[in-house]
Structures are given as structure tokens and as C-alpha cells.
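Q: Pasting a structure below so you can have a look.
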Amino acid sequence: MSIILNRNTKIISNFKDSPTCRAVAILERDLKKVCMETPESGSVIRLEQSGLEPEQFWMRTRGGELVVEAGDGLGFCYALLQISREVLGIHNFWFWNDQEITPRERYELPEDYQVQSTPYAVKYRGWFVNDEVLLNTWSVNRRPEEAWEMVFEALLRCGGNLVIPGTDKNSKKYAGLASEMGLIITHHHAEPLGAEMFARAYPGLWPSYQEYPEKFQGLWRDAIQRQKGQKVLWNIGFRGQGDRPFWEDDPRYATPEARGALMSSLIRMQYDLVKESDPDAELCTNLYGETMELYQEGCLKLPEDVIKIWADNGFGKMVTRRQGNHNPRIPALPKETDGGRHGLYYHVSFYDLQAANHITMLPNPPEFVGRELEEALRRGVRDYWIINCSNVKPHVYYLDYVAEIWKTGKADAAHQLPRYVETYYGKEQAGRIAKDFRAYWDAMTFYGEHEDERCGEQFANHVARMLACQYMKNAKERCEDLLWATAEETLSGQVDWYLEICRTAKERCQAYWRQCAETAAALQGKTQRLYEDSLLLQAKIHYGCFLGAYETAKSLLLGLDGDYKKAFYHAGKARKAYQTANAEMRSREHGKWHGFYENECLADIRQSAWVLAGLMNHFRVLGDGPHFYEWKREFLYSEEDRRVMLILTMENHMEDEELFALMEEKWEDESDE
């Protein structure tokens, strides 16, 4: 007897735990989504307890019913989401990629249907919802928490079991929801034990452990008490207030030995506090940035059973991250002889105020990512993976790819990319769209000598703002914030270096944008809309931002040469390019995505335009001040009126934007290469 799933299917369960109940509700919702009204009876889905290992499940037909056995609530959750995906056709990222669903009357399973789960290659695996500035101000159905429900549901669909549910206040606000949905809670590396930050709890006190040990310990004890009843993988450590090392605020710890000694003692103290509360608790600690250096130097001592979390540099390479101008690139994987337990913190999105990606895909190709992750697995990094997923939507492709690796232990981009494209964009134009994905990584330009040093959209925004601000502050000195990128000794040398990178980047991105525009024109319906929301939008963001960066560099070189009029004009062109890129981004806020990009404040394309407006005004002051009539007479007046100087001006002084518009009329078609 075959199994019939339709709107009348009943899910029978005696389990009252929250993860199981929520998973049942999701499948019931999905059945209504994919099934039409029908008088036909539906088969029963029956949930039964079994002796399976946690997270594991077994589904089979029995007596005309579909029986689901699992070892725990998460096992039931994975089983019911498997039905949703494999039987009903609801994809893992259905919400984030706007899956088009055509309802049917029924879905039929054969009478010998049977599925048994297999263990994942990675024990603890999940996402860090970090730099979540878009999610922070966006709501679905006027419910801010619904956006987070969709994040956690997508993670569960990908086989995740672990989450850092936001940063700072959000991590506490949404921890309960994540826990109810079956996810294990862990913590930001700057928020040990998920405790309240000292500076927030005691805003009037200097955040020094040396001075206030009892207050720090009190916050740690409060955090342990607050999270009782939740499944927690406790992150222990002591980095500092905010995402930077504590010794930047406390000069007493001037040596690696002093820093390592304090961190080691506090990690042991936190470890003991957790174990007092729960002897079976799992704990982890981050070897991140400067902490990695302390560990490699032998200055950091850790309890043996703590999971050591190794981190990439924000660009997918397993080396220590760049901190300002300091970029040691120390290998960040355990040695093959290194015992203990090992984890991974990996970025598909990163915020470094320098060159990373946040609102666009990782600029490094999937083969590169696959090599790094497979090498981590080969080195025994299998106990813990946390992936920085940022705001999810711009990074769906890579989140799907990494989820396949943490499940199977193998990276196969040649198989995964076509599968991903067919799943979400359909088969008709899958080959063409897959080529466009490939072309994305080919279009990304290198800013450095290493294979991972390709430009994200932050390079086109933050570096342009660094150079513009340096010019307005002191054009006679180089920008010290750029020593990580170039050894040029002068500001003009730095701008020349930037100009050439941005010239290449804007040409490549323009060609890519045109390629994507041609593909979009050949698509229809929701496939076209998804393509325009993803690849075409990211092409437009990259092209607009790099065009803005290129024009910024041109304007600065002209300013350094004293040609303030042309410098003003090219600063105006830069501002216009950034404004256009921002407008393109905001134009994709249709339907439920209304307001999604409104709070884009990390790359902050709008701020780039704002800084360029200031640069325009700066050039105008230098070249047209203090009376501000000469440029207006040149571009507004006829030849005969321009030469008559009886009255300098007969109209109100022009705004910068008005003057720029007049310049465009005259110079727009002129070649300025």
C-alpha cells in the first residue's frame, strides 16, 4: 500500500519537546503550501521513540503509515525536514531564494519506502549570525523574529545543529528561539560564556580584570545561570571589551607571556565554573587573530578536552587574520601531531573595513574554499564548524556548498554548483547561469599577492574613503591606514596604486555586469527575478562601487596636481556611481524583502557617496572659493556674458550638485582616460 501525503495527512506524535513540536508545525505548514484542497484521505505520519543515536532517524512504511523513529528531538526535526525536501520538494533555502511552488493534490511514496540517516562528517556544525545589520532592522510579516526563524530553519534544513544567534544584544534576544527550534547555543569569541559585556554592565568602570575580578566572575556566573535549560556548547576565553584584544586597553600586559598567563588562568577559571554547574558540559575556545599567535608561541595553556577553534583570515584562507596593518599570515590549522579536539571558524562573509565582502559573495572560488576545508578535515578539524553567515541572503550559494562538505566530508564544486543552479534557477538555463557563477569569481580582482587576496566590495568603499579623508586631512602625508596594502611612501603613490587596481576591477565588473544583463533578459518569471536579485545585483554593486572608487582615485590625483575643477568633476562622478550602486541595491526590495538593504551600514555605499560629496566641496573651496562665482560663470553663462564682469553674479550661488550637472553637460562625452 503506497503512502499518500496531502493536506489531510495527520502527523501523530506524543513528543512534547519544543524541537519536535516546531518541526511538526513546519511540515504541516509545508503540506498546506504544496498541496491543494482535496477530499481524499491522507496517510498518517507517526513519530516513535527509538534507541538511535542523537540526531539520527529511520523512516519506513508500516501498515499504511509512514513511521519516523529518532533518537531525540533533533533527529525528528531532520527527518521531517527530509520529508519536506525530498518528498514535497521544499528546498533548503526556499525562503531566501523565493522558491516558486506549484501545489499538487498529492505526493505518493512507494510501499517499500525507507530512509535511514547517516552521521555527519562534522560533529557540531552551524552558523554565526554575525554583522547582521540587515536582519537587525528588517521584519517579515511585521514580525522581526520571523526573519530569525527563517535563518534557524534554513540552518536546520542544511543539517546544522549549532548557532551563535546574533551578536551582542541579539545573541541573547534570539538564543531562546534558536534553542526551542533544536539548535545548540554557542558564543561569540569576544563574549565568553555568552556573558554580558563588562562595559555594558558597568559603564562607569574601567574594564580591567586586574581591578574588578569579582565583577567579571559575577557576569560569568550569571551567564551560566541564565542559560540553564538550554543546550550550550560553552565558549571560554578572554579577548577584551569589543572585538579587539584586552591589552589595547590595559598597558600592564605588554608581553606575550603576560597576556598568555592572564588568558590561560581565566580560561581555566571559566572552565571550572561551567563544570561545577554541568560536569558533562562541552567547551570550546577560539584561536583567533592575536590569540593564535599566543598559542603558537606557547604562551597559552588550555584544558585538554576543550575544543580548539582555528579560524580563517576572513577571506577563506586558513591563516591568521589581518589586524589593521599587521598581517602575519600564520598557518591556522593544527599540526598533524597535535592531539586534542579541533574546530573551525570560517567566513563566507567578513567585515574588516578594508577589502572583504559583506553584501556580495565571497570573491574567492569554491575550489579554493573546498581545498581549505578538506585540508582542515584531513588535519582532524571535525569536532566543531561555525560559519559566519552574516545576513544569509547574499551568501546562500556558499552556505549550501559548506553544508554539503560538513555532511559528506568531501568538497565537489564541479557537482555542487550545477546542482545548486538547477535546484534554485531551474534546468532550462542552468548551464548558462552556472557559467555566470563561474564568471563572478573570474571577474574579482586581486589587491595583493596571495591567492585569497581578491577584492570584496569593501575594498571599493573603505579604501576610497581612507584616501579621500587623508587628502582632506593632510595631502602631504601618506595614508597610514593603508600600509597593509601598499608600501608606497606618498599619498600620490598610494592613489596611483589604487587607481590601477580599480581600473582593472571596474572593467572586469562592467563586462561581468553586461554578461549578467544578457542572461537576465533571456530569463522569465521568478527565475528572472531570483537572478536579478542575486548575480545581476551583485554585478551591479561591484561595478558601481569600483567605478566610484576609480573616479575617486582620478579626482584625488587631479587634486594633488592642483586641477581642482576637474578634481571636483571626477569626485562628482564617483559620488554618482556610488549613489547608483546603492539605488540598484535598494531596487531589489520587492515583496517580503521590503527594507532588507535599508540598514546597509558596513560597506556603507551611501557613506561613500556622502564622503565624496564632502570631497567635492573641499575641491570647490580650494578652486572656486572664497567667492564661488568663477566656475558658475564658466559653465552657466554664454561666452559674451562670461566676459562681461560688471556684476560678478546675478543669481544665488549654486549647490555643488547643480554645478556638477552643468559640468556633465559639457564634459560627459569627453574621454578622460
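The values are calculated or read from the model by the stated rules, or taken from the named source; none is laboratory data. The shown structure was predicted, so the numbers you read here are calculated from the model rather than taken from an experiment. Don't worry about glycine lacking a Cβ; one is built from the backbone with ideal geometry, like all the others, and counts go over all protein chains shown. To get the accessible areas, we keep the full protein, side chains included, count just its heavy atoms, and leave off ligands, DNA and RNA. Shrake-Rupley method; radii C 1.70, N 1.55, O 1.52, S 1.80 Å.
Q: Restricting to the stretch 484-507, what's the tally of residues that are touching a residue at least 24 places away in the same chain (Cβ under 8 Å) and either over 17 Å from ASN461 (Cα atoms) or polar (S, T, N, Q) (or both)?
A: Result for the stretch 484-507: 4.
Q: Quick one: what pairs do we get from the stretch 266-291, first residue within 20 Å of THR255 (Cβ to Cβ) and in contact (Cβ under 8 Å) with a residue 40 or more places away in the chain, second of a type outside the set (S, T, N, Q) and part of a helix (DSSP H, G or I), C-beta under 6 Å, 6+ apart or different chains?
A: Final answer for the pair search is LEU287/TYR295.
Q: Just to confirm my filter: which helices (runs of 4 or more DSSP H) fall fully inside the stretch 139-212 and include at least 2 residues that are of a type outside the set (Ser, Thr, Tyr) and under 29 Å from VAL24 (Cβ atoms)?
A: 144-157, 169-173, 175-180
Q: Could you list all residues from the stretch 218-272 that are out of contact with any strand residue (DSSP E or B) (no Cβ under 6 Å at 6 or more places or on another chain), open to solvent by 60 Å² or more (accessible area, probe 1.4 Å) and over 20 Å from LEU287 (Cβ atoms)?
A: If the condition is that a residue be out of contact with any strand residue (DSSP E or B) (no Cβ under 6 Å at 6 or more places or on another chain), open to solvent by 60 Å² or more (accessible area, probe 1.4 Å) and over 20 Å from LEU287 (Cβ atoms), then ARG221, ASP222, GLN225, ARG226, LYS228, GLY229, PRO251, ARG252, ALA254, ASP272 are the ones that fit.
Q: Would you mind stating whether GLN510 is within 14 Å of LEU612 (Cα to Cα), polar (S, T, N, Q) and open to solvent by 10 Å² or more (accessible area, probe 1.4 Å)?
A: no
Q: Okay, next question. Does TRP667 meet the test of being at pLDDT below 95, open to solvent by less than 30 Å² (accessible area, probe 1.4 Å) and under 22 Å from GLY548 (Cβ atoms)?
A: yes
Q: Among the candidates ASP436, ASP452, which residue alone is over 18 Å from ARG322 (Cβ atoms) and among the acidic types (Asp, Glu)?
A: ASP436
Q: Another question, if that's okay. Identify all residues within the stretch 476-486 that are surrounded by fewer than 16 Cβ atoms within 10 Å (Cβ to Cβ) and over 27 Å from the mean Cα position of the chain (by Cα); write none if there are none.
A: Residues satisfying the conditions are LYS476, GLU477, GLU480.
Q: Does the stretch 174-181 contain at least one residue that is touching a Cys at 6+ places or on another chain (Cβ under 9 Å) and surrounded by 21 or more Cβ atoms within 10 Å (Cβ to Cβ)?
A: yes
Q: Could you list all residues from the stretch 67-91 that are of a type in the set (S, T, N, Q) and open to solvent by less than 30 Å² (accessible area, probe 1.4 Å)?
A: Answer for the stretch 67-91, where residues must be of a type in the set (S, T, N, Q) and open to solvent by less than 30 Å² (accessible area, probe 1.4 Å): just SER84.
Q: Applying the selection to the stretch 178-200, what residues are free of Cβ contacts under 8 Å to residues at least 40 places away in the same chain and in contact with a helix residue (DSSP H, G or I) (Cβ under 6 Å, 6 or more places away or on another chain)?
A: Correct list: ALA178, ALA195, GLU196.
Q: Scan the helices (runs of 4 or more DSSP H) fully inside the stretch 573-660 and keep the ones with 2 or more residues being exposed (fewer than 14 other Cβ atoms within 10 Å of the Cβ), modelled with pLDDT under 95 and at negative phi.
A: In the stretch 573-660, 639-643 are the helices (runs of 4 or more DSSP H) which contain 2 or more residues that are exposed (fewer than 14 other Cβ atoms within 10 Å of the Cβ), modelled with pLDDT under 95 and at negative phi.
Q: Another question, then. Give the residue, chosen from GLY64, GLY71, that is closer than 16 Å to ASN6 by Cα and at pLDDT below 95.
A: Testing whether each residue is closer than 16 Å to ASN6 by Cα and at pLDDT below 95 leaves just GLY64.
Q: Which condition does THR167 not pass, out of (1) in contact (Cβ under 8 Å) with a residue 40 or more places away in the chain; (2) within 28 Å of LEU81 (Cα to Cα); (3) surrounded by fewer than 20 Cβ atoms within 10 Å (Cβ to Cβ), if it passes all the others?
A: Tallying (1) in contact (Cβ under 8 Å) with a residue 40 or more places away in the chain; (2) within 28 Å of LEU81 (Cα to Cα); (3) surrounded by fewer than 20 Cβ atoms within 10 Å (Cβ to Cβ), THR167 fails exactly one: (1).
Q: Do you know which residues across the stretch 108-136 are crowded, with 16+ Cβ neighbours inside 10 Å, outside any loop (DSSP other than H, G, I, E, B) and of a type in the set (S, T, N, Q)?
A: If the condition is that a residue be crowded, with 16+ Cβ neighbours inside 10 Å, outside any loop (DSSP other than H, G, I, E, B) and of a type in the set (S, T, N, Q), then ASN136 is the only one that fits.
Q: Return the residues of the stretch 29-66 that are exposed (fewer than 14 other Cβ atoms within 10 Å of the Cβ), more than 18 Å from ILE90 (Cβ to Cβ) and in contact (Cβ under 8 Å) with a residue 60 or more places away in the chain; say none if nothing qualifies.
A: Result: GLU40, GLU53, GLY64.
Q: I'd like to verify a number: residues in the stretch 114-142 that are at pLDDT 95 or above, farther than 18 Å from GLY182 by Cβ and of a type outside the set (A, V, I, L, M), how many?
A: Total satisfying the criteria: 10.
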